[in-house]
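Scroll down for the structure; my scribbles are underneath it.
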Amino acid sequence: MTDLALAKATASPARRFSPALPGIGLLLVVAYGILPLVANEYLFDAILTPFLALALAGLGLNILTGYAGQVSLGSSAFMAVGAYAAYNLALRLPGVPFMIDILLAGVVAAAVGLLFGLPSLRLRGFYLAVSTLAAQFFVQWVFNKVGWFSNNSPSGIVSVPTLSVVGITLDSSAGRYLFALTVVTAVTLAVWRLVESPTGRALVALRDHETAARVIGIPVLRVKLLAFAVSSFIIGVAGVLWAFAYLRTVEPAGFNLDRSFQILFIVIIGGLASLRGAFLGAALIVVFPLLLARLGEALLGGLFDSGVLEMSQRIVLGLLIVTFLITEPAGLTALLDRAWNRIAGRFRRTGLPITG
Amino acid sequence: MPAVLSEPLFSPAAGAVSSALAVEALSLSFGGVTALSEVSFAVAPGEIRAVIGPNGAGKSSLLNVVSGLYRPDRGRVWLGGHSFASVPTDRLATLGVSRTFQNLALFKGLSVLDNVAAGLSHRLRAGVFAQVIGLPAARRERAEGYARAEELLAFLHLDGVRDRPAGTLPYGMQKRVELARALVARPRLLLLDEPMAGMTLTEKRDLSGHIRAARDDLGTTIVLIEHDVGVVMGLSDRIAVLDYGRLIADGTPDEIRNDPVVIDAYLGVAHDLEAGEGI
Ligand SMILES: Nc1ncnc2c1ncn2[C@@H]1O[C@H](COP(=O)(O)OP(=O)(O)O)[C@@H](O)[C@H]1O
Ligand SMILES: [Mg+2]
């Protein structure tokens, strides 16, 4: 049952035409053309930009966990590596354009991810998860201890320079949002190409049956390390967005184990091995606490202080995850697909034409 | 000694090199359990060779040694003129060897087409960047792979389910997808571990036809583990019989059918079969 649901959610046939394409076009029109005109600063700063950064991190983790089947609890560490790398590149190599800094930050994160991916050649499942946990603690410890990384700032918190791309300064909330949107769109396109390619197929093969994958000549070790490298690259870039477009500061505490779990939850709730899943999961994770706060305030008024909010967030989120794991392991993506099929089925019955 | 064993089974040097597959004095044990004991035999190119024997006789262990998943304690494996103390699994496909597994070993989350196309993985040359960017060589390679896979789907009558996730198919069909994945690379040697287990009579007959066609049309040498004695007798050129890890007979179906040792060890239980299924 579970396997079947997973299989349904993760099949990647060689599509000639993706019915999702018009939908994606529409989303891009809204994201680029309409939102910048109608959204206010709150929407950009509290919702849209963190949503984009987290969705990208979820996308990165999904490659490793959803597609290649390797569990990781170290995502936040790779975000930190990306963020600190970009900060130091911008600080120490002032002449280099920021787009290059981002790429290099991703490469640094990929190298660190590769290093911590080495145990995956021997370990799997629970043991691998624990070894990625080591990455999480080690990286956070290094950024706490070694002052050089935060330019010897006494508090350990550093402000990042203003975003500036090809001479345009992206100072405003809308500017930082558009920057994040562009990076996320470009990376998502590349990831989509990747998962549809023979290499993407090899990732899933590795996940579903490693022995069979070896027998048919998939270079298992190489593909595993590739998954770690690509995943960490993307999560590193997400870390850059988190620091430069969203928070505008870098500090080790922002990249703790909680964040790693948050990204894992995004992937689980959204749907393993689904690109849409990362976006759906991130949307839920970002919007849900805000909704909960509003709802709590409306229902309980002054009783609903930040302590109660924090606690109720954890409880509701926990319940949500357990519910998803039990009833819909393929996540929001599968729920939406089912809803869509039902609607489409109704239209078909009534004889109306279906497009998209 | 039964008649079929009195002639020299195997002359290592000369025989092994000209064979599609030869194993020489293979021994393998797990803790105290002997899975294989001094097993030697050779399979000629283009031959369909069955391996039979009761459960736990060491048949799967034999295929696992030949495909490098198990490392034998002693003995050697000859594949297409190369001799190995332990077969390198990573190079198996390049050596022209494909296999299926006793338990389903499909990539459940991939479509049927992708499962079969994955059988050509060892031939891929384009790097990941070339694939993502879509360089012409990468696109050609990918398109050729799918075209080959489609041919195999048609050959095994799987075209109707080409886009279905493999994990959602009925058992017998999944077995066929696995066969397609093994055949797509046009292997010189195909190892099949109980490919017909759990199939209906009609499905078995169909699959027998496909296996014979693979040999006749593609020249593939086939080593086949199968419990259905009726199928085995009809399909194979020669039969090797394992019992408690030892090779107790090796001969043509007729020789095996009349071998008292084999009847004692294995076919004894099949007397009913003989009447029922008309060996
Ligand atoms: N991986 C393994 N670990 C331990 N024992 C094994 C393993 N593989 C096979 N065996 C043992 O080796 C013997 C032969 O098994 P197998 O080759 O699977 O037999 P068959 O395929 O003829 O039924 C059995 O006793 C089995 O329990
Ligand atoms: Mg077996």
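The values are calculated or read from the model by the stated rules, or taken from the named source; none is laboratory data. Keep in mind the model is a prediction, meaning the values are calculated, not measured. Using ideal geometry, Cβ is built from the backbone for each residue, glycine included, and neighbour counts are taken over all protein chains shown. Accessible surface is based on the protein model in full, side chains and every heavy atom, while ligands, DNA and RNA are left aside. Shrake-Rupley method; radii C 1.70, N 1.55, O 1.52, S 1.80 Å.
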Quiz item: Under a point spin-label approximation (7 Å from Cα along Cα-to-Cβ), what is the residue A:46-residue B:154 distance to one decimal in nm?
Solution: 6.1 nm
Practice problem: Mind running the shape call on region A:18-252? Use the C-alpha gyration tensor, a ≥ b ≥ c as the square roots of the eigenvalues: rounded below 1.5 for a/c, prolate if a/b tops b/c, oblate otherwise. | Solution: oblate
Quiz item: In whole Hz, what ³J(HN,Hα) sequence does region B:163-175 give by Karplus (6.51, -1.76, 1.60; θ = phi - 60°), x for Gly and Pro?
Solution: 9, 6, x, 4, x, 9, 8, x, 3, x, 5, 4, 4
Practice problem: Please report the relative contact order for chain B, taking Cα pairs under 8 Å with a sequence separation of at least 6, and give it as a percent rounded to a whole number. | Solution: 25 percent
Quiz prompt | Accessible carbon and sulfur surface of chain B relative to its total accessible area, %, 1.4 Å | solution = 53 percent
Self-check item: Number of partner chain Cβ atoms within 10 Å, mean per residue of B:155-168
Solution: 3
Self-check item: Hz values of 3J(HN,Hα) by residue in region B:86-96 - Karplus curve (6.51, -1.76, 1.60), Gly and Pro given as x
Solution: 8, 6, x, 4, 4, 9, 4, 5, 5, 6, x
Quiz item: If contacts are Cα pairs under 8 angstrom and at least 6 residues apart, what is the relative contact order of chain A in percent?
Solution: 31 percent
Quiz item: Hey, got the dipole for chain B? About the Cα centre, +1 on K and R Cβ, -1 on D and E Cβ, debye to the nearest 20?
Solution: 1340 debye
Quiz prompt | In degrees, nearest ten, helix B:136-155 long axis to first principal axis of chain B (Cα) | solution = 50 degrees
Practice problem: Rounded, prolate or oblate: pick one for region A:203-356, where a ≥ b ≥ c are the square roots of the eigenvalues of its C-alpha gyration tensor, a/c under 1.5 means rounded, and failing that, prolate if a/b is larger than b/c, else oblate. | Solution: oblate
Practice problem: State to the nearest 20 debye the size of the charge dipole of the protein assembly as shown about its Cα centre, where the only charges are +1 on K and R beta carbons and -1 on D and E beta carbons. | Solution: 1640 debye
Quiz item: Sorting A:268, A:157 by accessible area (1.4 Å probe), largest first, what list results?
Solution: A:157, A:268
Quiz item: Using r as the Cβ-Cβ distance of residue B:244 and residue B:44, and R0 as 45 Å, what FRET efficiency do you calculate, to the nearest 0.05?
Solution: 0.95
Self-check item: In Hz, Karplus ³J(HN,Hα) per residue of region A:272-282 (6.51, -1.76, 1.60; θ = phi - 60°; x = Gly, Pro)
Solution: 5, 6, 9, 5, 4, x, 4, 6, 5, x, 5
Practice problem: Calculate the spin-label point distance for residue A:248 paired with residue A:326, positioning each point 7 Å from the Cα along the beta-carbon direction, and give it in nanometres. | Solution: 4.5 nm
Quiz item: Working from the pairwise distances between different alpha carbons, so that the mean of 1/r is found and then inverted, what is region B:107-186's Kirkwood radius in Å?
Solution: 12.8 Å
Exercise. Let me know the mean shielding of B:110-116 by other chains, meaning the per-residue number of their Cβ atoms within 10 Å of its Cβ.
Key: 6
Practice problem: Evaluate the distance, in nm, between pseudo-label points positioned 7 Å from the Cα of residue A:145 and of residue A:114 along their respective Cα→Cβ axes. | Solution: 2.5 nm
Quiz item: From the residues A:71, A:161, A:87, which one has its Cα farthest along the dipole of region A:18-252 in the positive direction, the dipole being from +1 and -1 charges on Cβ of Lys/Arg and Asp/Glu about the Cα centre?
Solution: A:71
Exercise. Have a look at chain B and give its Rg and Dmax from the Cα atoms, expressed in angstrom.
Key: 19.4, 65
Self-check item: the protein assembly as shown - mean residue ellipticity at 222 nm from DSSP helices (-39,500 (n - 2.57) per run, n ≥ 4, rounded to 500)
Solution: -17000 deg cm²/dmol
Quiz item: Where only protein heavy atoms count, and the probe is 1.4 Å, what is the accessible area per residue for region B:107-186 in Å²?
Solution: 41 Å²
Practice problem: Would you please put B:184-191, B:228-235 in order of how densely packed they are, using the mean number of other Cβ atoms within 10 angstrom per residue and starting with the highest? | Solution: B:184-191, B:228-235
Quiz item: For the peptides B:18-28, A:49-59, what is the packing order when you average, over each peptide's residues, the other Cβ atoms within 10 Å and list the highest mean first?
Solution: A:49-59, B:18-28
Practice problem: Take the alpha carbon gyration tensor of region A:125-256, find the square roots of its eigenvalues, order them as a ≥ b ≥ c, and report rounded if a/c is under 1.5; if not, report prolate when a/b exceeds b/c, else oblate. | Solution: oblate
Exercise. Enumerate the whole-percent occupancy of each 20 Å bin, from 0 to the last occupied one, for all C-alpha pair distances of the protein assembly as shown.
Key: 17, 43, 27, 12, 1
Quiz item: Which cross-chain or sequence-distant (5 or more) residues have an amide H under 5 Å from the amide H of residue B:51, H modelled 1.01 Å from N in plane?
Solution: B:224, B:225, B:226, B:240
Self-check item: Among B:133, B:263, B:239: highest mean-square fluctuation, GNM of chain B, C-alpha pairs under 10 Å
Solution: B:133
Quiz item: To the nearest 20 debye, what is the magnitude of the charge dipole of region A:18-252 about its Cα centre, counting +1 on the Cβ of each Lys and Arg and -1 on the Cβ of each Asp and Glu?
Solution: 700 debye
